[in-house]
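These notes are about the structure you will find just below.
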Amino acid sequence: PYVATVSRMAADAGLPHPQVALPPHDQPNALATGRNPYIAAVCATTGLLDMLTREEIRGVMAHELAHVKNRDTLTMTVTATIAGAISALANFAFFFGGRDEEGRPAGMIPMIVVALVAPMAAALVQFAISRGREYEADRHGAEISGDPEALASALQKIEAYARGAVNAPAERNPATAHMFIINPLNGKGADNLFSTHPATEERIRRLRAM
């Protein structure tokens, strides 16, 4: 039923059938990956399928299909690459900046400021884009499934239960946390500058307003 549901919704959304994975993990969560709709996969953990109703599962997978349709994996890969390049350039400027007439590093204080502020600013932009893509995937996912309430209910359940199940693979690879529907590192998201996920309460509010 899980694979058939994804197949039907993908067809309804005008998408090729993505690869479908079912990682055996107790933490309820889901993610999508692939640089374009023709090379994409959606995943839901066994914990998620065990916990949610059929309608809620449908809402979650519609959210993941929205990520595929919006090419969010490609967007976040490019964003992360740019953020990394900015950090590297800031470090390069700090260590290889110009020198004054006596051979001492010129403008040491400005270079220190740039070396500290530039990577942080790049990371903040990256996190903000990640949060924005989650809001968009919620909205487009609700349109694909035609049931915003089911997705809102699913987010509420996942948020409540995910905190009690440690996702060891995600903990070992925290850079992948933004790919999940709910933060897998601690099972919750806070709508602050340093979060990759919007606050779940705000996501639910927006969905129910639809």
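The values are calculated or read from the model by the stated rules, or taken from the named source; none is laboratory data. Just so it is clear, the model here is predicted, and its values are computed rather than measured. Because the Cβ atoms are built from the backbone with ideal geometry, glycine has one as well, and the counts that use them run over all protein chains shown. Surface areas here come from the heavy atoms of the whole protein model, side chains and all, with no ligands, DNA or RNA. Shrake-Rupley method; radii C 1.70, N 1.55, O 1.52, S 1.80 Å.
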Legend entry - Label point distance in nm, T81-V166, each placed 7 Å from Cα along Cα→Cβ: 3.5
Inset, instruction - Report K69's accessible area, 1.4 Å probe, all protein chains in place, as a number in Å² to the nearest 10. - result: 100
Legend entry - Spin-label pair R35/T176, simplified geometry with 7 Å Cα→Cβ offset, distance in nm: 1.9
Inset, instruction - Would you pull out the residues with amide H under 5 Å of I182's amide H, same chain only if 5 or more places away, H placed 1.01 Å from N? - result: A30
Legend entry - Stretchable slack from H17 to T53, in nm (0.36 nm times residue separation minus alpha-carbon distance): 10.7 nm
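Once the piece of chain linking E202 and A128 is laid out straight, how much longer is it, given 0.36 nm per residue of separation minus the C-alpha distance between them?
Numbers: separation 74, 0.36 × 74 = 26.64 nm, distance 1.48 nm.
Between E202 and A128, full extension yields an extra 25.2 nm.
Could you work out the Kirkwood radius for the range 23-70, taking every pair of different alpha carbons, averaging 1/r and inverting it, reported in Å? Could you put the intermediate results ahead of the total?
Working: mean 1/r = 0.0916 Å⁻¹.
After inverting the pairwise mean of 1/r, the radius is 10.9 Å.
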Inset, instruction - Would you grab the residues whose amide H sits under 5 Å from the one on A40? Only those 5+ places off in sequence or on another chain, please, with H modelled 1.01 Å from N. - result: Q19
Inset, instruction - Give the long-range amide H neighbours of A199: residues separated by 5 or more places, or on another chain, with amide H under 5 Å away, using H modelled in the peptide plane at 1.01 Å from N. - result: D191
